[in-house]
Every structure is written in structure tokens, then in C-alpha cells.
1. Go through segment 1-18 and give me each residue that's more than 31 Å from the chain's Cα centre (by Cα) and either surrounded by fewer than 12 Cβ atoms within 10 Å (Cβ to Cβ) or of a type outside the set (Val, Ile, Thr) (or both).
2. Exactly one condition in (1) modelled with pLDDT of 85 or more; (2) more than 26 Å from GLU3 (Cα to Cα); (3) buried (at least 18 other Cβ atoms within 10 Å of the Cβ) is false for GLN100; which is it?
3. Pick from TYR291, TYR222: which is more than 30 Å from ASP185 (Cα to Cα) and either surrounded by 15 or more Cβ atoms within 10 Å (Cβ to Cβ) or at pLDDT 90 or above (or both)?
4. Name, by its number, the condition in (1) loosely packed, with under 13 Cβ neighbours inside 10 Å; (2) more than 24 Å from CYS161 (Cα to Cα); (3) modelled with pLDDT of 80 or more that does not hold for VAL36.
5. Taking GLU116, is it exposed (fewer than 13 other Cβ atoms within 10 Å of the Cβ) and under 20 Å from CYS161 (Cα atoms)?
6. Look through ILE273, ILE208, ILE266, ILE258 and report the one residue that is closer than 30 Å to GLU116 by Cα, among the β-branched types (Val, Ile, Thr) and either touching a Leu at 6+ places or on another chain (Cβ under 6 Å) or touching a residue at least 24 places away in the same chain (Cβ under 8 Å) (or both).
7. Cβ-Cβ below 9 Å, separation at least six or inter-chain, first residue in segment 221-245 and farther than 16 Å from MET274 by Cα, second in a loop (DSSP other than H, G, I, E, B): which pairs?
Amino acid sequence: MDEFIESYCSCETSSKASHIIEQHVTDILCNTLQPVFKKQVSIHPNLSKRLPSRYGSKNLDIHEDQQWKNGFYVELLLWLLENLSVGALPGTQQLQDNLQLIIPPVLIILDDYDVEYKEKGVDLLQMTIHKLEPQYISKFGLDNVFLEDRDIPLLRATYPCILLLIATKKQEQARFNLFERVLKDGILTGFRYAGQKIKFLPILLKPIPTLYNELGSFGVQYLKALMPALCAAMSMTSSHNPIIKEINQLAATSLIAIIKKCWPCIPSYRGLIMQSMAKTWTCYFAAKGKYTALHYFYLELTCGTYIQMKPCAKH
């Protein structure tokens with residue numbers, strides 16, 4: 001970006017970068033970025049205002065002639081988003097005032113066939129969401145961007161963004177339904193098709209505590225499908241693969257959240273839970289201090305689980 005800043009700003013100032021952000025954002029978006037994304041924006045199904053031809057067209061390929069990939073354009077957009085102000089007063093709302101110029105290129109990058117660019121698109125969108133108030137997110141339709149996307153290589157980047165988007169929904173029932181949809185169509189489907197692939201397990205496990213904290217006891221209906229996968233992940237052992245340690249801890253954290261929210265039904269799974277914890281406990285105990293922190297983490301989980309699963313005393 002230093003090369004662009006130097007070539008763009010020839011004025012004498014103590015900080016050319018700050019001067020560009022304060023005075024030239026709209027100009028850069030209109031005259032530098034908009035032209036290289038123009039073709040894709042004109043044919044993107046969610047951005048184009050043209051009615052589709054009933055005969056179709058062989059020339060309308062959003063992935064052809066991608067000028068925006070030639071050069072610094074993606075990095076420039078990222079730099080702008082990192083530095084744009086989002087103040088509450090007029091004159092300080094650079095991001096809000098330029099959203100109509102920012103959203104189209106972000107969505108074009110997000111919808112690219114190349115996973116590397118898709119991930120950059122996710123980063124750009126997540127950065128935008130973090131800075132915006134919910135009304136702007138809904139106005140531009142950003143709250144529905146990921147809900148039809150199940151591209152497994154993107155899950156690591158998109159799940160946090162999905163949960164963040166859902167949290168911006170004002171209507172409680174709509175928010176609840178979307179959290180359930182992520183659990184049912186995202187996490188459980190992911191376990192079904194990719195649950196045996198170690199590299200995908202951390203991606204699938206991380207959202208579970210958030211989802212059950214939101215869904216509460218309603219999540220009981222999914223325990224039959226979820227608990228075997230969760231306990232299998234918690235009882236995985238390996239002396240060489242560092243990912244296994246992360247999987248064990250994420251699975252245990254997920255289990256703690258589920259126990260807290262669905263405790264009346266947990267006794268039905270106590271045999272499965274205790275068996276998986278015993279296996280992993282033995283492994284970490286045998287490591288003789290190598291994984292002391294995780295060992296005590298499992299001790300805490302074991303004690304907490306025992307208390308939750310222990311039948312109430314009769315008076």
C-alpha cells in the first residue's frame with residue numbers, strides 16, 4: 001500500500017495516508033475501484049438491476065475478465081475498510097456514507113470461485129459488520145449473505161461471521177430460527193459428511209457453545225445426533241498430532257455448554273460421556289505434566305458433569 005499512497009498523494013503533508021482517508025475516500029472508490037469491478041457488478045445476480053434475458057447469454061460470466069485481480073485492488077479495499085471512520089455525527093460517517101460503493105466489490109470478491117479470494121471477501125465483510133449498526137446491515141441485505149453457502153473450505157472463516165450476522169437480527173424468533181438452522185444444516189450436516197476428517201473438526205466444534213447458549217433447552221432434540229460425534233471428538237488421542245489437543249478441548253468446552261443448557265436429558269448420555277472422558281483423561285494423565293492445563297480442564301469437566309448427572313437425593 002505504501003507505493004499506492006505515494007503515487008496517489010503528491011501533496012505536502014505530515015501523513016499522506018491520513019490525508020487520503022480524510023479527503024479522498026469517495027474519489028478512490030469511484031475512480032480507482034469501481035471501474036475494475038464494474039463488469040462483475042453489472043451481471044451479479046444480487047447487484048444487477050437488469051432483468052435476466054429469457055434466452056440467457058453466453059457472455060454473462062461473472063468470472064471472466066476479472067480486472068480487479070490484477071494489482072492491488074483487494075488490498076486497497078481492505079486498507080480503506082480498516083481506516084474508514086464510523087462516527088455518530090455527520091462528517092464522521094465515512095463507512096456509512098460510502099456503503100453503496102463498498103458493498104458491491106466486497107460481494108464480488110466473496111462470490112469468487114477461488115477460495116483464497118472468498119476468504120478475503122469474508123474478512124472484508126466481517127470487518128464491515130463489526131463497524132456497522134444493525135440497521136445498516138439489514139438495509140443492504142448483509143444479514144442473509146452466508147445463509148445459503150455451505151462451502152466447506154470457507155467454514156473456518158464464515159462461521160464466526162455467520163453468528164455475528166445473526167446476532168444483529170432484531171426479531172428474537174428470526175434470530176432463534178437462524179441459530180437453529182446453523183446447528184441443523186451447518187454443524188450436524190458437517191459432522192455427517194466431514195466428521196471423520198480431523199482438519200474439519202475444530203471448525204465444526206467452535207460454534208457449538210454459542211449455539212447452545214442461544215438455543216438453550218430447545219437444543220435437546222439434536223442431542224441424539226450430536227452427542228456421539230462430540231464424545232468421539234473428545235476421546236480422540238494422539239501423541240504426535242497437535243490438532244488433536246485442540247479438538248479435545250473444543251469438544252469438552254462444547255459439552256460443558258450443552259450440559260448447562262440441557263442438563264435434565266444428560267443422564268441418558270452419561271455412559272457415553274464418562275467413557276470418552278475416561279479415555280482422554282488416561283491419555284493426558286500418562287503424559288506426566290506435558291499437558292497439565294488440559295488435564296485439569298478435564299478434571300473440572302469431570303466434576304461438573306458428575307454433579308449434573310448425579311440423581312437428585314430423595315427427601
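1. Those that are more than 31 Å from the chain's Cα centre (by Cα) and either surrounded by fewer than 12 Cβ atoms within 10 Å (Cβ to Cβ) or of a type outside the set (Val, Ile, Thr) (or both): GLU3, GLU6, SER7, TYR8, CYS9, SER10, CYS11, GLU12, SER14, SER15, LYS16.
2. Unmet for GLN100, out of (1) modelled with pLDDT of 85 or more; (2) more than 26 Å from GLU3 (Cα to Cα); (3) buried (at least 18 other Cβ atoms within 10 Å of the Cβ): (3).
3. Testing whether each residue is more than 30 Å from ASP185 (Cα to Cα) and either surrounded by 15 or more Cβ atoms within 10 Å (Cβ to Cβ) or at pLDDT 90 or above (or both) leaves just TYR291.
4. Just one mismatch for VAL36, condition (1).
5. On the way: exposed (fewer than 13 other Cβ atoms within 10 Å of the Cβ): yes; under 20 Å from CYS161 (Cα atoms): yes.
In short, yes.
6. Values: ILE273 fails: closer than 30 Å to GLU116 by Cα; ILE266 fails: closer than 30 Å to GLU116 by Cα; ILE258 fails: closer than 30 Å to GLU116 by Cα.
Matching residue, one of ILE273, ILE208, ILE266, ILE258: ILE208.
7. SER239/ALA287; ILE244/MET236; ILE244/THR237; ILE244/SER238; LYS245/SER238; LYS245/TYR291
The values are calculated or read from the model by the stated rules, or taken from the named source; none is laboratory data. Note that the structure is a prediction, hence the values are computed from the model and not measured. A quick note on method: Cβ atoms are made from the backbone with ideal geometry, for glycine too, and the neighbour counts reach across all protein chains shown.
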